[in-house]
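Everything below concerns the one structure shown next.
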Amino acid sequence: MDGGVDKFDLVIAGGGIVGATLACLLDGLAVRVALVERRLPDDGEMPFQGSELRFDPRVSALNEASRRVLGDVGVWSGVRAVRCCDYREMRVWDAEGTGSIHFSAAALGAESLGTIVENSVVLAGLYERLRGQENLTVVSPFTSAALESDGDGTILIGDCGRRLRASLLVGADGGNSAVRRLAGMPGRERDYEQEAVVTTVRTGRSHGFTAWQRFLDSGPLAFLPLATAEDSEFRHSSIVWSTRPEEAEELVQMPEERFCARLAAAIEHRLGAVESSDRRFRFPLRQRWADHYAKGGIVLAGDAAHTIHPLAGQGVNLGIRDVAVLAEELRAGLAAGRRLHDPVLPRRYERRRKGDNLGMMWTMAGLRRLFGPQPPPLRWLRNTGLGFVDRAAPLKNFLARRAMGQHSRP
Ligand SMILES: Cc1cc2nc3c(=O)[nH]c(=O)nc-3n(C[C@H](O)[C@H](O)[C@H](O)COP(=O)(O)OP(=O)(O)OC[C@H]3O[C@@H](n4cnc5c(N)ncnc54)[C@H](O)[C@@H]3O)c2cc1C
């Protein structure tokens, strides 16, 4: 502490999956790191761990590239040991059932297309791994409330008045990033006019290690397979139902029995009846992207830099790739004798990540529009196109490999 300011070389604002992964990736570097988080996951936030038949309603479909990063920092084997579910197939179809596409790991020579994990399980693994990391201080509770800069770097000020100085400040504080706002980093935003209803359900039939997604006129509905030792029939799925805000409100409020019947009909009873549902939550969906990921000694990563629709489950995968590239650039820069606040490092990071993130964002926007309500001639064209993609193995495999993260070697 110096003049009421705690001094660090690098401060990560936001300890979600992206920020905490970055902290792990910086282990062993000769820099003092602070990871700042409003509320740590074990502050009463882990009601799902230790309970076999309840799941965290927030899950992510991690691709191969993300699993590799988590493996490299020694977290993935612990996550697997708790519970997760590999899915080998993905079936996507439209409201009328006339346009459809089927992805299979076997056709790609892979064991799985991805792995569904509960966010709280990944976070628990990350924080367990961070315990005792020598160059790291976890600062929590701390809510970023203001920024100042002086000759030595950026000062992040918490609402408690605590001040942390950093040569490099990384904003990994999610879609509503305080760092992005306080630093005045311009960006764009689009309201999807949809909310996601998430919950866990038990179905009459096994999910068959398949991710199911039907595009309704009001938005996509996904069933993501879950696995736990107590469910030998594999009948639990995590639901992400994106729809109009009025319908989302209705879906959350309606009695469980009615919700289950409506959900089973919406997925065309592909998994039989929906027998039970856990508590339902709503998340507003917005598309956001920062024009630049770097400004002076501040960089953005993960949802703070880009927030996309959850329909292809790519948000956290992009964020993990961001911090893998950022850590790589910082390591290489420091090894070459550069300082952390050298503007070359954030610029290289931005150059390597922005195209990939924007590409994925516009692909998601295109898919949403493609599968949304269309007049009959366009609908026919879309279904014919989908049928073509489904039969054209090279194109289909290209799309699948991209979603699996096989095009990126961070
Ligand atoms: C319904 C839904 C389903 C999704 N499904 C998938 C999926 O299947 N696969 C996938 O890859 N992605 C998915 N996503 C997207 C994914 O959840 C996000 O991309 C991911 O959580 C972003 O991680 P992050 O660490 O950047 O941000 P966050 O997870 O938002 O973490 C930000 C952290 O910063 C902290 N914070 C925020 N503000 C402050 C502040 N002022 N001071 C201090 N701390 C602060 C927060 O407490 C939080 O811990 C889904 C999203 C939604 C809404």
Quiz item: What Rg and what Dmax come out for segment 150-207 when only alpha-carbon atoms are used, in angstroms?
Solution: 19.5, 64
Quiz item: In the Gaussian network model of the chain, springs joining C-alpha atoms below 10 Å, which of 306, 341, 236 carries the largest mean-square fluctuation?
Solution: 341
Exercise. Multiply the residue separation of residue 365 and residue 331 by 0.36 nm, subtract the distance between their alpha-carbon atoms, and state the gained length in nm to one decimal.
Key: 8.8 nm
Quiz item: How high is the FRET efficiency from residue 275 to residue 145, r the C-beta distance, R0 51 Å, rounded to 0.05?
Solution: 0.65
Quiz item: Got the relative contact order for segment 206-360 handy, in percent, Cα pairs under 8 Å and 6 or more residues apart?
Solution: 14 percent
Exercise. Find the percent of Cα-Cα distances in the chain that exceed 30 Å, and round it to a whole number.
Key: 42 percent
Quiz item: Ratio of segment 1-160's C-alpha Rg to 2.2 N^0.38 Å, to two decimals?
Solution: 1.30
Quiz item: When the chain is fully extended, how far beyond the present Cα-Cα distance does residue 86 get from residue 30, taking 0.36 nm per residue of separation?
Solution: 16.5 nm
Quiz prompt | Mean separation of Cα contacts under 8 Å (6+ apart) over length of segment 257-314, as relative contact order % | solution = 25 percent
Quiz item: Once the piece of chain linking residue 250 and residue 134 is laid out straight, how much longer is it, given 0.36 nm per residue of separation minus the C-alpha distance between them?
Solution: 36.8 nm
Practice problem: Report the equivalent ellipsoid semi-axes for segment 79-123 in whole Å, largest first, defined as the square roots of five times the eigenvalues of the gyration tensor built from alpha carbon atoms. | Solution: 27, 15, 5
Exercise. Springs between alpha-carbon atoms under 10 Å, Gaussian network over the chain: tell me which of 284, 141, 255 tops the mean-square fluctuations.
Key: 255
Exercise. Using only alpha carbon pairs under 8 Å that are at least six residues apart, calculate the relative contact order of the chain and give it in whole percent.
Key: 21 percent
Quiz item: Per q in 0.12, 0.18, 0.20 1/Å, what log10 I(q)/I(0) does a Debye calculation on the alpha-carbon atoms of segment 129-240 return?
Solution: -0.75, -0.93, -1.01
Quiz prompt | GNM result for the chain, Cα springs below 10 Å: residue of 362, 76, 289 fluctuating most strongly | solution = 362
Exercise. Report the paramagnetic label zone for residue 54: residues of segment 270-307 whose backbone N is under 20 Å from a point 7 Å from Cα along the Cα-to-Cβ axis.
Key: 275-283
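No lab work stands behind these numbers, since they all come straight from the coordinates. Everything quoted here is computed from the prediction, not taken from an experiment. Cβ: placed from backbone, ideal geometry, glycine included. Neighbour counts: every protein chain shown.
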